[in-house]
């Protein structure tokens with residue numbers, strides 16, 4: 001058996017070891033585990049072959065012949081078990097690799113077809129609210145949104161007139177027609193807690209009047225000059241992508 005000091009050293013080694021991917025853990029385990037079983041067996045048989053047998057024990061040699069056959073059978077059985085475990089590990093590793101490859105492909109496709117869901121659901125949030133507020137400040141133009149009719153994400157033509165503006169404390173939206181006439185607008189202060197963004201609708205014109213005093217909550221991300229906004233909850237109906245307007 002291993003001494004207590006040896007076991008403590010092994011424990012500290014694994015505690016301080018760097019984090020590894022799941023594939024690496026599988027590969028190392030199913031490579032080293034058979035060796036951990038096979039090496040003691042090899043050492044045991046080597047000692048049997050190299051250590052001299054006392055004369056007093058020669059009388060038992062004939063009786064141990066059958067025992068040697070039994071030991072050989074046991075060793076073969078252990079070898080088969082080790083091989084089975086090794087092959088099972090290879091299959092498990094292959095399954096993990098295939099699954100993660102499929103996940104990466106699915107995320108790449110989601111990024112192309114619905115960037116709002118990709119960035120909001122699959123990228124880390126900015127840990128500091130003040131940093132996020134500074135990234136939000138400016139005027140943005142709507143470039144994509146979830147269709148209320150088909151529920152698919154659609155990219156808008158660049159000649160639309162939907163605008164959104166942020167300061168460090170307030171938000172506002174304004175929509176114009178082709179002749180630059182205001183169609184509707186809304187605005188008010190907002191609250192930010194992590195990636196949870198709440199708009200307080202204090203003023204509104206046109207169709208937005210029906211939402212006065214409402215406080216819708218969203219999850220948001222800012223990636224460079226692109227702002228992503230998704231309704232909070234399990235089944236959000238609002239998904240919007242905005243591009244920063246360069247002044």
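Observations on the structure shown:
- Inside segment 107-134, residues that are in a helix (DSSP H, G or I) and either surrounded by fewer than 17 Cβ atoms within 10 Å (Cβ to Cβ) or over 16 Å from the mean Cα position of the chain (by Cα) (or both) make up a count of 16.
- The residues of segment 123-168 that are modelled with pLDDT of 95 or more, over 26 Å from residue 178 (Cα atoms) and in contact with a helix residue (DSSP H, G or I) (Cβ under 8 Å, 6 or more places away or on another chain) amount to a single one, 168.
- Note on segment 197-240: among residues that are exposed (fewer than 14 other Cβ atoms within 10 Å of the Cβ) and under 21 Å from the mean Cα position of the chain (by Cα), the one that is nearest to residue 174 (Cα to Cα) is 223.
- Residue check for residue 211: over 19 Å from residue 125 (Cα atoms) and touching a helix residue (DSSP H, G or I) at 6+ places or on another chain (Cβ under 7 Å): no
The values are calculated or read from the model by the stated rules, or taken from the named source; none is laboratory data. None of these values were measured; they are calculated from a predicted model. Cβ coordinates were reconstructed from backbone atoms using ideal geometry, including for glycine residues, and neighbour counts include every protein chain displayed.
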